[in-house]
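All remarks here apply to the structure that follows.
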Amino acid sequence: MDDRKQAVAQVSDAVKAIREHRPLVHNITNYVAMNSSANALLALGASPIMAHASEELAELSELVQALVINIGTLSASWIAAMKLAARSAGDKGVPVVLDPVGAGASRIRTRTALELLEETPVAVLRGNAGEVKSLAGENARSRGVDSFEASADAIEAGTLLAERYGCIVSVSGPDDYIISSEGALVKLSNGDAMMPRVTTLGCAASAITGAALAVTPEPRDAAAVGMALTGIAGEIAAEHAAGPGTLQVRFLDELYALTDTTIAERLRWEAA
Amino acid sequence: MDDRKQAVAQVSDAVKAIREHRPLVHNITNYVAMNSSANALLALGASPIMAHASEELAELSELVQALVINIGTLSASWIAAMKLAARSAGDKGVPVVLDPVGAGASRIRTRTALELLEETPVAVLRGNAGEVKSLAGENARSRGVDSFEASADAIEAGTLLAERYGCIVSVSGPDDYIISSEGALVKLSNGDAMMPRVTTLGCAASAITGAALAVTPEPRDAAAVGMALTGIAGEIAAEHAAGPGTLQVRFLDELYALTDTTIAERLRWEAA
Amino acid sequence: MDDRKQAVAQVSDAVKAIREHRPLVHNITNYVAMNSSANALLALGASPIMAHASEELAELSELVQALVINIGTLSASWIAAMKLAARSAGDKGVPVVLDPVGAGASRIRTRTALELLEETPVAVLRGNAGEVKSLAGENARSRGVDSFEASADAIEAGTLLAERYGCIVSVSGPDDYIISSEGALVKLSNGDAMMPRVTTLGCAASAITGAALAVTPEPRDAAAVGMALTGIAGEIAAEHAAGPGTLQVRFLDELYALTDTTIAERLRWEAA
């Protein structure tokens, strides 16, 4: 119970800090998620910048408080930009979130995610179970943006990746797990079954994790805050939604409206 | 009347099959439609993947059940990807939908659509009257995404294209026509006058046609299913919408909520 | 008071002309704003085309009534397309709006905006205070899409740019200023504090300014019309919105529903 109280305080403090400091979050994300990720960050109180030109990445790394890389619609020139941006971020001490969308669905996606993990300092790897298992070399049935795997089944793979790359692994699903090299640390269970019927809510979770990283010193805490905020806003939105169209819109309204009381009442958090 | 009953059953069966099998639909579409097409597919029960990197197109053709190509914001490298993906799809027996957005507005759009029709196996060509007439060599007044032409005026052009390229042609407008080399087969009349005030609903119709193709053996049937679902969801959404913003959101809710009863009550289908 | 009456008539006349003539507005805009700008133009009654392929830009300049260039997610090949399109527009007498998103945040953004102003005939430069000050060489604290600066503080910079490049400068903020080489001409004060929490509403203002330019002979008038329509639709949307998600949707509904009465009641316009 005391642990949960501490978690509630952490989530509330992060929201407060994001609204107060409006961290600038640099996103190199996929075309599908550009608008929705920018809107999720703005609704929460952060400030997004979307940029992928090699000429400006080093400059931007001096300006921003977090970098979110999402490989959902990659191509050769974008992969180069992702690597350059992640290296610049590393040089400047800017924390990096990596969302390996579709790892396992094609070799170039798996390879790009692994190269980013190997060559650049990723603080939080945030994906679904299929993606995480694929990156650990397990034979996952990834179908692009979807995953058939239960998130709990990815704990072993996540632990291996956390150890190998010195990062925190945040696996989403009906339950979300925050995983370090010592195994699963936290299980979060907010959310709604309708959420996977809206595109890019997982990408929004990664963007929100980036905003949390900008104001929360420990990646493991930021990763939990990111999934908590996404899950709570998503489940309230779903309660008021006749379908996924309305859910997507209300999700932004709920991120905007989040209060300490809502967080305290809603957070489904337990030590794993 | 019996024909309409059969059409109702076909549309209902397709929705049931999409929700049960969740076909993976690969989209190489324009930047404007990326998010809305992915959301339309998810709302209906299908699973979208957006990908255009040459390195992964052959692999993805082994994974997906349909390919939707939309030339709305084309450029040289995307055209190459479209051709490669369509050829891989042909090799693997994956059915292809082509949406020739803006054919007639510029030579490169007309030429790209014609080259895809000539060089790759397109199952369904899905566009508006201006686009279809332009591709048949008629002097249509295309204005990019809009068309000034009545869909009925494109039946001759559609029939010529269906014969020349061995495909089904699906022309949208206040009335939609499904056309084979023998002429118009079916006229569908669902929809609402506010729908053209929302961008990418035509692109959504093409994506939904792709999902229908994945579960419906005959392209002519899949093409009709695609327009029926788009028209029915769109007209219910419009009845509840104060304007095009709300229509866009409700369109997804209605795709999600579609029932056999709604389809049976609403479908405006007649043999042409 | 008579001046305001004239302004009301001008805004109403522009809306009427856009709905009647449905001007085709060519947008080379950023990935985040593609869908929302197209939807804003359609909701208002204009017709959008998004295109950036070098092969089609000259042709399109013969077809369109305005060009809107927005550098929000630029890269080398897009910069080349922007310049080519702006030059073709100039040759054909098509008026150009430039939205210098993120000028000041990186050298390539500042330089690209300046090169477009120098090399091509921009009718209206439409940005926030930080961007305008950066382009005038002032040391603005631009943070990508955001600005910390009050719009009134950019009047001097705007006047300098208007003189140097022979354009009208439209600066957005809680108050919007329309600036010529003689200084601020008009102050518009519609809008709502929640609007900056929705991404790409500034980009929508630029797109709407493009539609206004297509039907309004004087750039200074078109620039005021663009900000008036954006501000009025935005403030009504905000009155009905629980948060930025709903605001974004209702913004389109309100553009669609705008009447002469609403404009006459709402317009907050004064000579500056």
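Before moving on, here are some points about what is shown:
- Sorted from longest to shortest, the spans of the Cα atoms of the stretch A:51-111 along the three principal axes equal 34, 20, 15 Å.
- In the stretch A:73-198, the inverse of the mean reciprocal separation of distinct Cα atoms equals 14.6 Å; this is its Kirkwood hydrodynamic radius.
- One compactness figure for the stretch B:142-216 is 1.11, namely its Cα radius of gyration divided by 2.2 N^0.38 Å.
- Distance between modelled label sites at B:Ser77 and C:Ala271, nm, 7 Å Cα→Cβ extension: 5.3 nm
- Buried on assembly, the stretch A:168-204 (at least 20 Å² less accessible surface than by itself, 1.4 Å probe): A:Met194, A:Arg197, A:Thr199
- Rounded D (µm²/s) - the stretch B:173-272, Kirkwood Rh over Cα pairs, Stokes-Einstein at 20 °C, 1.002 mPa s: 158 µm²/s
- For the stretch C:150-190, the C-alpha radius of gyration divided by 2.2 N^0.38 Å, with N the number of residues, is 1.01.
- For the stretch A:4-74, the set of GluC sites (Glu not before Pro) satisfying both a DSSP loop assignment and a count of at most 15 other C-beta atoms within 10 Å is given as A:Glu62.
- Estimated dipole of the stretch A:3-271 in Debye, rounded to 20 [Cβ of Lys and Arg +1, of Asp and Glu -1, Cα centre]: 340 debye
- If you run the Gaussian network model on chain C, springs between alpha carbon atoms under 10 Å, then out of C:Leu63, C:Leu213, C:Leu247 the most flexible one is C:Leu63.
- Placing pseudo-labels 7 Å out from each Cα toward the beta carbon at C:Asp91 and A:Glu62 gives an inter-label distance of 4.0 nm.
- Each copy carries a label point for B:Arg164 at 7 Å from Cα along the beta-carbon vector; from one copy to the others these points are 5.2, 5.2 nm apart, nearest first.
- Heavy-atom accessible area, 1.4 Å probe, ligands and nucleic acids excluded: residues of the stretch C:17-33 down by at least 30 Å² from chain alone: C:Arg22, C:Leu24, C:Tyr31, C:Val32
- Residues A:Thr259 and A:Ser181, FRET efficiency given R0 of 41 Å [Cβ-Cβ distance, rounded to 0.05]: 0.70
- For B:Lys5, the lysines whose Cα falls under 20 Å of its own Cα, not counting residues fewer than eight places away in the same chain, are B:Lys16, B:Lys187.
- Once the Cα-Cα distance is subtracted from the 0.36 nm per residue extended length, the C:Glu119 to C:Glu239 segment shows a gain of 39.0 nm.
- Averaging Cα coordinates gives a centre for the stretch A:165-235 and one for the stretch A:56-87; these two points are 21 Å apart.
- One way to sum up the overall shape of the protein assembly as shown is the equivalent ellipsoid from its Cα gyration tensor, whose semi-axes run 36, 36, 24 Å, largest first.
- Among B:Leu267, A:Leu185, the order of accessible area from largest down is A:Leu185, B:Leu267, computed with a 1.4 Å probe on protein heavy atoms.
- DSSP bridge pairs, the protein assembly as shown: antiparallel proportion in percent, nearest 5: 40 percent
- Globularity ratio of the stretch C:3-271, using Cα Rg and 2.2 N^0.38 Å: 0.89
- DSSP bridge orientation in the stretch B:57-157 - percent antiparallel, rounded to nearest 5: 20 percent
The values are calculated or read from the model by the stated rules, or taken from the named source; none is laboratory data. Owing to the predicted nature of the structure, the values given are computational and were not obtained by experimental measurement. Cβ atoms come from the backbone with ideal geometry, glycine included; neighbour counts cover every protein chain shown. For accessibility, only protein heavy atoms count, side chains too; no ligands or nucleic acids. Shrake-Rupley method; radii C 1.70, N 1.55, O 1.52, S 1.80 Å.
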